[in-house]
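Student: A single structure is presented below for examination.
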Amino acid sequence: FIHTHGYFNIYTNFLRERALSVSHRDAGVNYGKTAGPDSYLLEENALDFNLLEMQSLSSLKCYDFCFREVLPDRVVRSFDDLGYVLHSVQKLETIVLVSLYRASEAVTRNLLCQFERLNIWNFIFMGPKSDFLFDLARRGHPMIDVDQFSDSIKAYKSIRVQEFSAELIKEIFVKAYVVKKCLELGYSTWVLDGNFLPVTSDSLVDFFDPKYNFYVGTNSTFLFVRSSSSALKTWVDDFTYKVALMASSLITKESVSMEGSNFAYVVAKTLEWCSVKFTWVDGMSFGANINAFDVNQTSLGNGKKIAFWSSEIRLNSIQKRLDELGIWALDADSSCIAVICHPS
């Protein structure tokens, strides 16, 4: 084994179908006989590989501590990369898109520990270029490099934005474009920011009334888009462009409003503008806002599937509340406190 980046590389020569225990040896120098009962089972010319020859790491398969195959370096930098990565993560034809723009490294690592504990693997991160995000990709967690991806989309270049709102508009546009691609591939999509934590294994399944295609959270700032032919007809190139324009109109230099920076709210206003039906969902009906918890509360409550909080809360306060609720899973070294294996 070669251990690297938190997973194992298995030297591929040992995966070949060969009887490595079989030997071919010359007659012993002291007793003049061929050594070993298996000496004639394998001829010398059958050994056409060199055990000392190290293969390139990029050519080796990678596995985590549970011997689950890991696919490192899945980084979406252009439109051409997106379809492959989305297909590689989808589960039950659903994608969970998580923006890390306002999430700390510790909160993100805790989210990954919770994903692992709950056996949730159909997620993809997005964020600006950073060493942290590329390290996550090296460890097998798929990500979208928003800066490079947006540069590869011609439609984005035609959007005129002010410098003060450029990063927000870029984030919102890329979210809209990823949703569009998911619909084209037949996948439903959850769009969430990094200020949430699933608490049950069914937290991110489709449990909404199939009457609507679009569900906008009123408290937890989420968007759920159900895959359907009618949703695909709505969410076309022109719609993604209108989402970016709507965000630009809501964000002013004097006030970068919470609504303007909230993707779900921007989409809701765009759907209204286009006279498309959608429904608001009270996030408190299935989620718990830990901002509102009192100091003695140690449970999320019955039926709660997601914990969420304001991105303006300080990290130590988030950690303290999640720890009290038993859903802070990092140790002092910012590693998961346990490795949990699930049946494949």
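The values are calculated or read from the model by the stated rules, or taken from the named source; none is laboratory data. Keep in mind it's a predicted model, so treat the numbers as computed, not measured. FYI the Cβ positions are ideal-geometry reconstructions off the backbone, even for glycines, and counts take in every protein chain you see. For accessibility, only protein heavy atoms count, side chains too; no ligands or nucleic acids. Shrake-Rupley method; radii C 1.70, N 1.55, O 1.52, S 1.80 Å.
Student: How many residues does the stretch 189-218 contain that are open to solvent by 10 Å² or more (accessible area, probe 1.4 Å), closer than 25 Å to Val76 by Cβ and touching a helix residue (DSSP H, G or I) at 6+ places or on another chain (Cβ under 7 Å)?
Tutor: Number of matching residues: 1.
Student: Out of all the residues in the stretch 185-218, which are more than 19 Å from Asn291 (Cβ to Cβ) and part of a strand (DSSP E or B)?
Tutor: Result: Ser188, Thr189, Trp190, Val191, Phe214, Tyr215, Val216.
Student: What's the number of the only condition in (1) modelled with pLDDT of 95 or more; (2) part of a strand (DSSP E or B); (3) not basic (Lys, Arg) that Cys182 fails to meet?
Tutor: That leaves (2) as the condition not met.
Student: Here is a follow-up. Could you count how many residues in the stretch 305-333 are open to solvent by less than 70 Å² (accessible area, probe 1.4 Å), under 25 Å from the mean Cα position of the chain (by Cα), free of Cβ contacts under 8 Å to residues at least 40 places away in the same chain and under 15 Å from Val199 (Cα atoms)?
Tutor: Residues in the stretch 305-333 being open to solvent by less than 70 Å² (accessible area, probe 1.4 Å), under 25 Å from the mean Cα position of the chain (by Cα), free of Cβ contacts under 8 Å to residues at least 40 places away in the same chain and under 15 Å from Val199 (Cα atoms): 3 in total.
Student: Continuing with the same structure: How many residues does the stretch 258-279 hold that are in a helix (DSSP H, G or I) and either under 30 Å from Ser299 (Cβ atoms) or open to solvent by less than 40 Å² (accessible area, probe 1.4 Å) (or both)? Let's see the steps before the verdict.
Tutor: If we filter the stretch 258-279 for residues that are in a helix (DSSP H, G or I), which is where we start, we get 258-261, 263-273.
Checking the rest, the ones that are also either under 30 Å from Ser299 (Cβ atoms) or open to solvent by less than 40 Å² (accessible area, probe 1.4 Å) (or both) come to 258, 260-261, 263-268, 270-271.
Residues that pass the stated criteria total 11.
Student: Can I ask one more? I'd like the residue in the stretch 125-147 that is in contact (Cβ under 8 Å) with a residue 40 or more places away in the chain and assigned to a strand (DSSP E or B) and, out of all such residues, is nearest to Asp64 (Cα to Cα).
Tutor: Met143
Student: Test of understanding: among Ser229, Ser188, which residue is at pLDDT 95 or above and either more than 26 Å from Leu118 (Cβ to Cβ) or among the charged types (D, E, K, R) (or both)?
Tutor: Ser229
Student: Go through (1) more than 22 Å from the chain's Cα centre (by Cα); (2) surrounded by 13 or more Cβ atoms within 10 Å (Cβ to Cβ) one by one and return the number of the condition Asp282 breaks.
Tutor: Looking at each condition in turn, Asp282 falls short on (2).
Student: Follow-up. Let me confirm something: among Pro142, Pro72, which residue is modelled with pLDDT under 95 and surrounded by 16 or more Cβ atoms within 10 Å (Cβ to Cβ)?
Tutor: Among Pro142, Pro72, only Pro72 is modelled with pLDDT under 95 and surrounded by 16 or more Cβ atoms within 10 Å (Cβ to Cβ).
Student: I would also like to ask the following. Is there any pair with a first residue in the stretch 253-268 that is farther than 15 Å from Val281 by Cβ and a second that is at pLDDT 90 or above and hydroxyl-bearing (Ser, Thr, Tyr) whose Cβ atoms are under 6 Å apart and which are 6 or more apart or on different chains, and what are they?
Tutor: Glu259/Tyr265
Student: Which of the numbered conditions does Lys175 fail, given that it passes all the others? Conditions: (1) at pLDDT 95 or above; (2) open to solvent by 30 Å² or more (accessible area, probe 1.4 Å).
Tutor: Checking Lys175 against (1) at pLDDT 95 or above; (2) open to solvent by 30 Å² or more (accessible area, probe 1.4 Å), the one that fails is (2).
Student: Quick one: how many residues across the stretch 219-230 are out of contact with any Asp or Glu (no Cβ under 7 Å at 6 or more places or on another chain) and either of a type in the set (Lys, Arg) or surrounded by 19 or more Cβ atoms within 10 Å (Cβ to Cβ) (or both)? Steps first, please.
Tutor: Residues of the stretch 219-230 out of contact with any Asp or Glu (no Cβ under 7 Å at 6 or more places or on another chain): 220, 222-225, 228-230.
Adding the requirement that they be either of a type in the set (Lys, Arg) or surrounded by 19 or more Cβ atoms within 10 Å (Cβ to Cβ) (or both) leaves 220, 222-225.
Here the count works out to 5.
Student: What pairs can you find where one residue is in the stretch 190-216 and at negative phi, the other is surrounded by fewer than 24 Cβ atoms within 10 Å (Cβ to Cβ) and among the basic types (Lys, Arg), and their Cβ atoms are less than 6 Å apart, with a gap of 6+ or different chains?
Tutor: Thr200/Lys305; Ser203/Lys305; Asn213/Arg226
Student: Give the residues of the stretch 78-115 that are more than 27 Å from Leu315 (Cβ to Cβ), in contact with a Leu (Cβ under 8 Å, 6 or more places away or on another chain) and open to solvent by 50 Å² or more (accessible area, probe 1.4 Å), sorted by residue number.
Tutor: Passing the criteria: His87, Gln90.
Student: If Asn302 meets every condition in (1) closer than 22 Å to Leu100 by Cβ; (2) open to solvent by 50 Å² or more (accessible area, probe 1.4 Å); (3) not aliphatic (A, V, I, L, M) apart from one, which number is that one?
Tutor: In the conditions (1) closer than 22 Å to Leu100 by Cβ; (2) open to solvent by 50 Å² or more (accessible area, probe 1.4 Å); (3) not aliphatic (A, V, I, L, M), Asn302 misses (1) alone.
Student: Aliphatic (A, V, I, L, M), in contact with a Phe, Trp or Tyr (Cβ under 8 Å, 6 or more places away or on another chain) and touching a residue at least 40 places away in the same chain (Cβ under 8 Å): is that true of Ile340 in this structure?
Tutor: Taking the combined requirement at face value, the residue does not satisfy it.
Student: I'm told Asn296 meets every condition in (1) part of a loop (DSSP other than H, G, I, E, B); (2) more than 25 Å from the chain's Cα centre (by Cα); (3) surrounded by 13 or more Cβ atoms within 10 Å (Cβ to Cβ) except one. Can you identify the failing condition by its number?
Tutor: Only one criterion in (1) part of a loop (DSSP other than H, G, I, E, B); (2) more than 25 Å from the chain's Cα centre (by Cα); (3) surrounded by 13 or more Cβ atoms within 10 Å (Cβ to Cβ) is unmet by Asn296, namely (3).
Student: Same structure again: When the stretch 118-137 is examined, which residues are found to be basic (Lys, Arg) and buried (at least 18 other Cβ atoms within 10 Å of the Cβ)?
Tutor: none
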